[in-house]
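Q: Have a look at the structure that comes next, please.
The values are calculated or read from the model by the stated rules, or taken from the named source; none is laboratory data. Fair warning: this is a prediction, and the values are worked out from it, not measured in the lab. Cβ: placed from backbone, ideal geometry, glycine included. Neighbour counts: every protein chain shown.
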Amino acid sequence: MNLFDILGPIMVGPSSSHTAGAARIGFVGYRLLGETPVKAKIELHGSFASTGKGHGTDKALVAGLLGMRPDDIRIPRSFEIAQERGMAFEITSVYLKDVHPNSVRLTLTGRSGKTCTMIASSLGGGRIKVCNLEGIEVSFSGEYPTLIVNNEDKPGCVTRVTSLLSQRAINIATMQLYRDTRGGEAVMVIECDQGVPEQFLQELKSLDGIKKVTYLNMEEE
Amino acid sequence: MAFGALEEIVQECEKTGLPLWKVIMQEDLRERDADEEESMERMETLYQAMRDADAGYDKDMRSASRLVGGDGYKLQQAVENKTTVCGSFIGKVMMRAMKMGECNACMRRIVAAPTAGSCGVIPAVFLTYEEEFGESKERMIQALYAAAGIGQVIASRASISGAEGGCQAEIGSASAMAAGAIAWLRTGDAGCAMHAAAIAMKGLLGLACDPVAGLVEVPCVKRNVIGAVNALTSADMACAGIRSVIPPDEVFDAMADIGKLLPSSLRETGEGGLAATPRGRQIARDL
């Protein structure tokens with residue numbers, strides 16, 4: 001842990017895992033959807049479901065979905081703000097198999113009709129992990145600029161993406177490959193040391209065998 | 001790699017002749033590939049956020065369970081009326097620790113130090129020390145590096161999570177960090193700082209994490225007070241030349257051991273200790 005994992009984060013209380021982590025999960029959902037949801041289904045698992053209310057987990061998740069960060073003092077009022085902005089949400093509890101006790105499934109729909117389904121866990125200290133995206137198991141924290149590339153499960157896709165990254169001098173911090181079935185839906189999750197410019201994202205999208213590119217950069221405003 | 005032992009930090013200070021805070025900062029800069037300006041700015045932002053949270057205390061706010069709120073103001077009145085047995089300085093430390101713990105429980109903006117539940121200890125000690133002893137803001141920020149460096153070693157050798165190690169890992173760690181920082185401010189001696197941290201930790205070893213209804217309210221808020229006061233008495237002991245018989249690193253190893261031995265009912269599950277008392281259970285039912 002670095003010094004600022006020990007001191008910090010600056011956050012709205014009362015709990016780094018149940019409040020700050022929850023807000024961050026909501027914020028990741030907001031960023032992955034690419035817009036403020038008009039509809040959000042929030043399903044709480046484990047300790048999120050049992051002690052979430054007293055910790056403001058519900059308010060923090062909604063705040064994050066509205067684009068608020070864990071230190072946003074409006075978090076306690078997020079339900080009213082959601083109403084003002086036309087975001088309908090429903091909060092229920094659910095049992096999810098094989099996940100961390102502090103987990104949530106988000107099913108989001110944007111104004112444009114775009115959807116996003118994810119499962120994420122709050123690991124403590126405000127840090128989080130996305131562990132399922134659109135039904136495919138993944139693992140990323142949002143601490144790095146992250147590329148999520150959906151591609152056809154056939155030879156050459158990974159090489160094309162990584163060689164383009166190397167040409168643009170973007171260093172890969174971690175890289176993971178996932179797929180649902182052989183020859184089916186495949187996903188690359190690439191955590192980068194540098195931010196990825198918009199133009200490069202367009203280039204990536206145009207590569208052979210690449211179906212969709214989602215980019216997550218939590219640092220950006 | 002960040003330091004894995006307090007003794008390593010002391011040796012590095014002796015070897016380089018650099019002050020404690022600088023040794024800790026430089027190791028972190030190396031680790032994160034960051035520069036000094038960025039690091040100082042972040043630390044200053046954290047200290048300012050602590051100051052803002054303290055100043056923004058509202059005596060009328062209440063927590064989710066409505067069990068927490070208004071106690072920091074009661075201590076403020078006691079200090080103002082000069083009725084505290086502990087005098088004005090300790091009185092103010094207690095007041096600030098209580099206020100910050102309440103701010104956290106009431107969903108105000110705080111700084112996790114090292115955790116949200118223990119967020120009152122370091123600001124209470126630092127802000128009151130700065131005010132009372134006329135210390136410069138610059139030196140207080142240097143002392144925050146000392147505190148964070150000690151916390152780093154605690155996190156790597158033991159834990160700073162109540163779910164893992166019980167409250168000793170949260171309030172105990174915060175208290176040790178604050179004690180070390182104050183001892184360093186008073187003496188400039190890294191070794192003395194580590195003994196202050198060890199003495200503070202020893203006083204809180206075994207502390208269970210038994211929050212009523214699983215909320216960061218009872219007893220968390222008031223434990224910030226004991227963590228802050230314990231930090232100051234421990235720093236005074238170390239500065240007077242008293243040393244921990246058990247070497248500081250071994251003290252934190254003992255904390256790790258004790259954390260493992262604690263049953264899960266005493267590690268943030270809200271099932272044992274105060275949470276399991278008849279009143280504690282009733283509060284949980286009534287929520």
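Q: May I ask you to verify whether A:PHE89 is over 26 Å from A:VAL189 (Cα atoms) and within 14 Å of chain B (Cβ to nearest Cβ)?
A: no
Q: When only residues in segment A:33-50 that are under 9 Å from A:ARG111 (Cα atoms) and surrounded by fewer than 17 Cβ atoms within 10 Å (Cβ to Cβ) count, which is nearest to the chain's Cα centre (by Cα)?
A: Taking segment A:33-50 first, the residues under 9 Å from A:ARG111 (Cα atoms) are A:35-39.
Cutting the leftovers down to surrounded by fewer than 17 Cβ atoms within 10 Å (Cβ to Cβ) gives us A:35, A:38-39.
Details: A:GLU35: 13, A:VAL38: 17, A:LYS39: 17 Å.
So, considering only residues that are under 9 Å from A:ARG111 (Cα atoms) and surrounded by fewer than 17 Cβ atoms within 10 Å (Cβ to Cβ), the one nearest to the chain's Cα centre (by Cα) is A:GLU35.
Q: Right, next: Which numbered condition trips up B:ILE154, out of (1) of a type in the set (A, V, I, L, M); (2) outside any helix (DSSP H, G or I); (3) in contact with a Ser or Thr (Cβ under 6 Å, 6 or more places away or on another chain)?
A: Of (1) of a type in the set (A, V, I, L, M); (2) outside any helix (DSSP H, G or I); (3) in contact with a Ser or Thr (Cβ under 6 Å, 6 or more places away or on another chain), only one is false for B:ILE154: (2).
Q: For segment A:64-80, what are the residues that are surrounded by 24 or more Cβ atoms within 10 Å (Cβ to Cβ) and at the interface with chain B (Cβ under 9 Å from one of its Cβ atoms)?
A: Matches in segment A:64-80: A:ILE75 only.
Q: On to the next question. Looking at (1) assigned to a helix (DSSP H, G or I); (2) in contact with a strand residue (DSSP E or B) (Cβ under 9 Å, 6 or more places away or on another chain); (3) closer than 29 Å to A:VAL213 by Cβ, can you tell me which one A:ALA49 breaks?
A: (3)
Q: Scanning segment B:104-125 for residues that are more than 9 Å from B:VAL221 (Cα to Cα) and assigned to a helix (DSSP H, G or I), which turns out nearest to the other protein chains (Cβ to nearest Cβ)?
A: The qualifying residue nearest to the other protein chains (Cβ to nearest Cβ) is B:ILE122.
Q: Now, a different point. Can you find a residue in segment B:72-93 that is touching a Leu at 6+ places or on another chain (Cβ under 8 Å), of a type in the set (A, V, I, L, M) and more than 10 Å from every other protein chain (Cβ to nearest Cβ)?
A: Yes; the residues of segment B:72-93 include at least one that is touching a Leu at 6+ places or on another chain (Cβ under 8 Å), of a type in the set (A, V, I, L, M) and more than 10 Å from every other protein chain (Cβ to nearest Cβ).
Q: Would you pick out the residues in segment A:1-19 that are more than 7 Å from every other protein chain (Cβ to nearest Cβ) and either at pLDDT 95 or above or over 18 Å from B:MET40 (Cα atoms) (or both)?
A: Once the filter is applied, which keeps residues that are more than 7 Å from every other protein chain (Cβ to nearest Cβ) and either at pLDDT 95 or above or over 18 Å from B:MET40 (Cα atoms) (or both), segment A:1-19 yields A:SER17, A:HIS18, A:THR19.
Q: Now, a different point. B:GLY101 - would you say it is assigned to a loop (DSSP other than H, G, I, E, B), among the small types (Gly, Ala, Ser) and within 14 Å of another protein chain (Cβ to nearest Cβ)?
A: no
Q: With the requirement that a residue be within 23 Å of A:PHE48 (Cα to Cα), surrounded by fewer than 21 Cβ atoms within 10 Å (Cβ to Cβ) and among the acidic types (Asp, Glu), what does segment B:256-280 give you?
A: B:GLU271 - this is the single residue of segment B:256-280 that is within 23 Å of A:PHE48 (Cα to Cα), surrounded by fewer than 21 Cβ atoms within 10 Å (Cβ to Cβ) and among the acidic types (Asp, Glu).
Q: For segment A:167-185, what are the residues that are farther than 26 Å from A:GLU221 by Cα and more than 18 Å from the chain's Cα centre (by Cα)?
A: The answer is A:GLN167, A:ARG179, A:ASP180, A:THR181, A:ARG182, A:GLY183, A:GLY184, A:GLU185.
Q: So, in segment B:193-222, of the ones that are part of a helix (DSSP H, G or I) and within 14 Å of another protein chain (Cβ to nearest Cβ), which residue ends up farthest from B:ILE171 (Cα to Cα)?
A: Within segment B:193-222, the match that is farthest from B:ILE171 (Cα to Cα) is B:ALA213.
Q: OK, next. Take segment B:3-45 and flag every residue that is within 13 Å of chain A (Cβ to nearest Cβ), within 19 Å of B:VAL251 (Cβ to Cβ) and not in a helix (DSSP H, G or I).
A: Those that are within 13 Å of chain A (Cβ to nearest Cβ), within 19 Å of B:VAL251 (Cβ to Cβ) and not in a helix (DSSP H, G or I): B:PHE3, B:GLY4.
Q: Within segment B:194-231, how many residues are among the small types (Gly, Ala, Ser), buried (at least 24 other Cβ atoms within 10 Å of the Cβ) and more than 12 Å from B:MET255 (Cβ to Cβ)? Outline the logic, then answer.
A: In the first step, residues of segment B:194-231 are kept if they are among the small types (Gly, Ala, Ser); the result is B:196-198, B:200, B:203, B:206, B:208, B:213-214, B:227-228, B:231.
In the following step, the residues that additionally are buried (at least 24 other Cβ atoms within 10 Å of the Cβ) were identified as B:196-198, B:200, B:227-228, B:231.
Of the ones still in play, those that are also more than 12 Å from B:MET255 (Cβ to Cβ) are B:196, B:227-228, B:231.
Of the residues in segment B:194-231, 4 are among the small types (Gly, Ala, Ser), buried (at least 24 other Cβ atoms within 10 Å of the Cβ) and more than 12 Å from B:MET255 (Cβ to Cβ).
Q: Could I ask something else about it? Looking only at segment B:174-191, how many residues end up being farther than 22 Å from B:LYS92 by Cα and crowded, with 24+ Cβ neighbours inside 10 Å?
A: Of the residues in that region, 1 qualify.
Q: Of these, A:THR159, A:THR174, A:THR181, which one is away from chain B (no Cβ under 14 Å), within 28 Å of B:ILE160 (Cα to Cα) and surrounded by fewer than 19 Cβ atoms within 10 Å (Cβ to Cβ)?
A: A:THR174
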